[in-house]
Structures are given as structure tokens and as C-alpha cells.
Amino acid sequence: MQESIVEILKKEILSFYNQPTQVTQEVSPQTVRGHLSQYDFAQPLDLEALLQDVMYMMRNWNIQISNPLYFGLFNPAPTFASVIAESLVALYNPQMAAWSHAPAANEIEQHTLKFIAQKIGYKPTSTFGNFTSGGSEANHTGVLVALAHHFPGYLDKGMWALKNQPVFYVSELAHNSFDKIAKHTGLGMNALRIVPTNSLLKMDMMALATMVNADKKAGYAPFMVVGTAGITSTGTIDPLDEIASFCEQEQLWFHVDAAWAGAAVFSPTLKVSMKGIEKADSATVDAHKWFNLSLAAGMFFTKHQEVVRQTFSVRADYMPKSHDDVIIPYSNTLQWTRRCLGLKLFMTLAEMGEENFGKQLDNQAFLGDYFREKLLQNGWIIVNETPLPVVNFTHTVFESGEKQVDEALSKLYEAGRVWLSSVTIAERKVFRMCVTNFKTTETEVDVLFDNLQQLI
Ligand SMILES: *Cc1c(COP(=O)(O)O)cnc(C)c1O
């Protein structure tokens, strides 16, 4: 019985991994719910039949981000090593909270984090790093640690005891996880200062300086600036070096949100675009975006290890003791019980080697350029500028209002051949294409382009 199930699973992994199903298939909530209504949990079911049915639903009723025709958000196709690692994690189920319960898994994570820290230009020996559920949690951690650093009384007395209202700064194109963070930390949405972007879609430094100055004069307490390296909608990069100098001068915490594009430090050609990230007090780099891993895993890094400890330390007598010189996740991070998140990154990088990984990123950047070239040669209009493979584009038929971007996208989704998204930049609705899948080649970019040509 168990062996036959492992056989089915093995076949499915090999077949789906090599040939994912169609990138999109439209399905209504009624169809999925109707199908699920047969599961009333009254009688035990045969696991083999159950497995077959779950595979059917997963294959047919999800957007297949591992299909190389997926040009969507920063969602990755997982490496094979990642699929294996996730299976092992499910099997061994290491409990990460206390180091002493999972020395192997915890040290594998720390070993991997130290390597990434060194790649982004942090000193591995003095950097604190941890795996998170994603970029949102990593950004949340950054804000909490910055608060604790800037307002020493805050951890005991709380926000309300502060004399001046804390405020922090992000660009208008920053990720909206900061909206949630503002609400959840108790800072409130009014504490989130939205800095305009310039014509290159990067944070406007003059505007930032003016806003910080005005806030200080008005009695607010600025404590942090977030620079985004790889804006979600446009792939543009805030001026990290300039923000670093500004923060140093104004004594503000500098956080870099490099959730997607942080991986670019592995590419000899793209890494210059991340310059300045090494000066940040803290940084977010997602493992489940450009590192091509199964969801979910983000990473948080900071140079201020002691503040992290103060922010998250708790005493829990029932928790097992650990060695003195190890990082104990439950008292240094937001989560408590946690699965092992780092094994898939460890195995992926170890199998591939850093040089090959860098080449893979370069190839994706090349495909972005290849696509831009095709657009320009055929009268399309590109509206963003970035070395990274995110392309915002439109065409006169959409600019004139003759056709609508979202209607065109619906047609594409219905046909189910390719997937890309749309975004509004400066009140202009445009297409957004991202080469996010390491399996994508020129052939798929050609298919995307041919599909787009049929829309105009
Ligand atoms: C994706 C993304 C996030 C959010 O990360 P999750 O992993 O989805 O939680 C934050 N910032 C940027 C720039 C992103 O691209």
C-alpha cells in the first residue's frame, strides 16, 4: 500500500517537474466547491484514491507558476533540489524553535544565511540572519528592530510612552506589506510617509529630505527609511547609496527591501545595481523569489544582532536549553514553532554552485532585453528602465483607449497559453512582464510575444 503510493508520487513529481500542466485554466469557485463537497470527512478514504484526486485538482485548478510560460509576479519555478528538500523537511519534521531540538537543521540554515550575508556585503561573523515566512515578515522584523534601536524605552513602555510620534519613509512604489506593518506594529498608517518617485521611478531624494525636515520641525520622530531594490511593479531600484548617506547623516535606520532582486548579488553583471545594500542596517531578501525555491521562505539580515536579541528575547522555562554560542530561533525571531525553511536554499546552492546560479540570473536578464528589443522593433512602448528582467509596456491601441489592457489580459488568460499581469504606473495602466522562471528560454518569450501581437 505505502509503496504503491510512493510510486505514484514519484511518477507525478517526475512528470510534473519536467512538464508542468498548462499555465492557466479558468475555473469558477462553484466548480471547485462542488468538487470538494464530496469530502464530508465522515468515512475514512483510501489514500491512493485521495492522492489521485488531489493531484487532479492541483494540476488543473491552479496557475502553474513552474510553467516556463508564466511571466508573472515574482513567483518561482522550484528547483528539483528544492522539491527534494521540502519532502525531507516534511519527513523529518525538525522543530526549529529551540536550537537543541534541531542542531543539524538550525546550523544548515545559519551556514546558508552567513554565505548569503557575505554575498550582499555584510560581515558574516557579525551579521544576524534568520529565515522568515517571506518578505513581509522580514520587513516586519526590520521595522520592529529599527523601533527598538531608535527608541530604547519602547520595548518596555510601549509606543504610547514615546514623546514624539515615530514616522518612517518608503517610496510610493514600495511594497504594500509596509501598510500592513504600519497597522500591525501599532505605528498606524499615518506613520507611514510616502515619498514620491522621480521620472525614473526611483525614490526622489529631494522630496525625502524635505519630508524628513518638515516632520522633525513639526515634532515627529523619523526613525527609518526603506529603500526598495527591485520594485515589485517596475523592477526599478531606489538610489541605495544616496539613501545610505542620508540615513547616516540624519541618524535614521536604513532598511533595504530586496525581496526579489537581492539574488542579483550573485550575478557579476547585475550586482552593481545592488550597490549600497551593504551599507544598510537591515535587509530583506526572499528565498522564494529569484532563488527559485518552493514557497515559502524569506530572509532577514541585520548588523545589529544585540538589538534583535532585545526585541525578541523571552524567558520560557519549559523550552529546552541550548549552547551559549548558538542562535535560538524562538527568542530571536517573530515565529515560535517553525519548520525548516533553509534546507531548500542550502541544497539548491550546493547542487548548483554560485557561479552557475549567477549565470542563470544573467540569462534571465538577457531574456528581458531580448523581449524589450522585440517590443521596440514592433512599435510597442516601454515605460520603465531597469537592468532587471521586469518590463512595463503598452501600445498606442491601449494608450488611445481603443482597447483596454485588462480586457486583453482576460483574453490571454482564457486561452491559457501564457500569463503576465498589468500594473498602474503614474495613472497609466500598462502590461507587466517578468522573466521569473529559470526554465524560460527565447522560445517561450517568442510565444508570449506572438500572443501579444494578436491583441493589437
Ligand atoms: C514580494 C515582495 C514582498 C513581500 O514578500 P512576501 O514574500 O510575499 O511576503 C516585499 N517586498 C517586495 C519588494 C516584494 O517584491
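Residues that are without any contact (Cβ under 8 Å) to a residue 40 or more places away in the chain, more than 16 Å from the ligand (Cβ to nearest atom), under 16 Å from residue 294 (Cα atoms) and assigned to a loop (DSSP other than H, G, I, E, B) do not occur anywhere in segment 86-100.
With 75, 62, 18 as the choices, which residue is among the polar types (S, T, N, Q) and within 16 Å of the ligand (Cβ to nearest atom)? Give the derivation first.
On the way: 62 fails: within 16 Å of the ligand (Cβ to nearest atom); 18 fails: within 16 Å of the ligand (Cβ to nearest atom).
After ruling out the rest, the residue left standing is 75.
With the requirement that a residue be at pLDDT below 95 and either on the phi < 0 side of the Ramachandran plot or open to solvent by 50 Å² or more (accessible area, probe 1.4 Å) (or both), what does segment 411-427 give you? Result: 411, 412, 413, 414, 415, 417, 425, 426, 427. Any residue that is modelled with pLDDT of 95 or more and closer than 30 Å to residue 291 by Cα - is there at least one of those in segment 160-168? Within segment 160-168 (the criterion being modelled with pLDDT of 95 or more and closer than 30 Å to residue 291 by Cα), the answer is yes, since at least one residue qualifies. When segment 250-278 is filtered for residues that are in contact (Cβ under 8 Å) with a residue 60 or more places away in the chain and in a helix (DSSP H, G or I), the ones remaining, listed by number, are 261, 262, 263, 264, 265, 266, 273, 274, 277, 278.
Restricting attention to segment 371-408, report how many residues are closer than 20 Å to residue 260 by Cβ and not in a loop (DSSP other than H, G, I, E, B). I'd like the intermediate steps shown before the answer.
At the first step, the residues of segment 371-408 found to be closer than 20 Å to residue 260 by Cβ are 371-372, 382-393.
This time we only want the ones that are not in a loop (DSSP other than H, G, I, E, B), so: 371-372, 382, 390-393.
Summing the residues that are closer than 20 Å to residue 260 by Cβ and not in a loop (DSSP other than H, G, I, E, B) in segment 371-408 gives 7.
For segment 252-285, the candidate set comprises residues that are within 16 Å of the ligand (Cβ to nearest atom) and of a type in the set (Val, Ile, Thr); within that set, the residue that is surrounded by the fewest Cβ atoms within 10 Å (Cβ to Cβ) is 265. Note on segment 199-240: among residues that are of a type in the set (Val, Ile, Thr) and more than 19 Å from residue 426 (Cβ to Cβ), the one that is most open to solvent (accessible area, probe 1.4 Å) is 210.
For every residue, the table says whether it meets (1) at pLDDT 95 or above; (2) under 30 Å from residue 128 (Cα atoms).
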{"position": "2", "(1), (2)": "no, no"}
{"position": "44", "(1), (2)": "yes, no"}
{"position": "51", "(1), (2)": "yes, no"}
{"position": "58", "(1), (2)": "yes, no"}
{"position": "71", "(1), (2)": "yes, no"}
{"position": "75", "(1), (2)": "yes, yes"}
{"position": "88", "(1), (2)": "yes, yes"}
{"position": "93", "(1), (2)": "yes, yes"}
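Output yes when any residue across segment 304-322 is within 13 Å of the ligand (Cβ to nearest atom), closer than 20 Å to residue 108 by Cβ and either of a type in the set (Phe, Trp, Tyr) or touching a strand residue (DSSP E or B) at 6+ places or on another chain (Cβ under 7 Å) (or both), and no when none is.
No: zero hits.
Scanning segment 78-108 for residues that are aromatic (Phe, Trp, Tyr) and over 24 Å from the mean Cα position of the chain (by Cα) returns 92, 99.
For segment 218-233, the set of residues classified as within 16 Å of the ligand (Cβ to nearest atom) and aliphatic (A, V, I, L, M) consists of 224, 225, 226, 229, 231, listed by residue number. Taking first residues from segment 191-204 that are among the basic types (Lys, Arg) and partners that are open to solvent by 20 Å² or more (accessible area, probe 1.4 Å), the Cβ contacts under 6 Å between residues at least 6 apart in sequence or on separate chains come to 193/211; 202/239.
Go through the residues of segment 348-355 one by one and say whether even a single one is of a type in the set (Ser, Thr, Tyr), within 25 Å of residue 445 (Cβ to Cβ) and either surrounded by fewer than 21 Cβ atoms within 10 Å (Cβ to Cβ) or away from the ligand (no atom under 16 Å from the Cβ) (or both).
Here is the first cut: in segment 348-355, the ones of a type in the set (Ser, Thr, Tyr) are 348.
Adding the requirement that they be within 25 Å of residue 445 (Cβ to Cβ) leaves 348.
Pick out the ones that are also either surrounded by fewer than 21 Cβ atoms within 10 Å (Cβ to Cβ) or away from the ligand (no atom under 16 Å from the Cβ) (or both) and you get 348.
So far as segment 348-355 goes, yes, one or more of its residues are of a type in the set (Ser, Thr, Tyr), within 25 Å of residue 445 (Cβ to Cβ) and either surrounded by fewer than 21 Cβ atoms within 10 Å (Cβ to Cβ) or away from the ligand (no atom under 16 Å from the Cβ) (or both).
Applying the condition of being more than 16 Å from the ligand (Cβ to nearest atom) and over 17 Å from residue 348 (Cβ atoms) to segment 119-128 and asking which residue is surrounded by the fewest Cβ atoms within 10 Å (Cβ to Cβ) yields 125. Among residues of segment 282-319 being part of a loop (DSSP other than H, G, I, E, B) and of a type in the set (D, E, K, R), the one that is nearest to residue 17 (Cα to Cα) is 289. A search for C-beta distances below 7 Å between a residue of segment 230-242 that is within 13 Å of residue 170 (Cα to Cα) and any residue that is open to solvent by 10 Å² or more (accessible area, probe 1.4 Å) and within 11 Å of the ligand (Cβ to nearest atom), counting only pairs 6+ apart in sequence or on different chains, returns 231/173. The residues on offer are 159, 205, and the sole one that is in contact with a Phe, Trp or Tyr (Cβ under 9 Å, 6 or more places away or on another chain), more than 30 Å from residue 337 (Cα to Cα) and more than 16 Å from the ligand (Cβ to nearest atom) is 205. Being within 16 Å of the ligand (Cβ to nearest atom), more than 22 Å from residue 289 (Cα to Cα) and polar (S, T, N, Q) is the requirement here; does residue 236 meet it? When the stated conditions are applied, residue 236 does not pass them.
Among the residues making up segment 358-385, those that are open to solvent by 20 Å² or more (accessible area, probe 1.4 Å), touching a strand residue (DSSP E or B) at 6+ places or on another chain (Cβ under 7 Å) and not basic (Lys, Arg) are 376, 381, 382, 383.
The values are calculated or read from the model by the stated rules, or taken from the named source; none is laboratory data. Given the structure is predicted, the values throughout are model-derived calculations rather than measurements. Because the Cβ atoms are built from the backbone with ideal geometry, glycine has one as well, and the counts that use them run over all protein chains shown. What goes into the accessible areas is simple: the full protein's heavy atoms, side chains included, and nothing from ligands, DNA or RNA. Shrake-Rupley method; radii C 1.70, N 1.55, O 1.52, S 1.80 Å.
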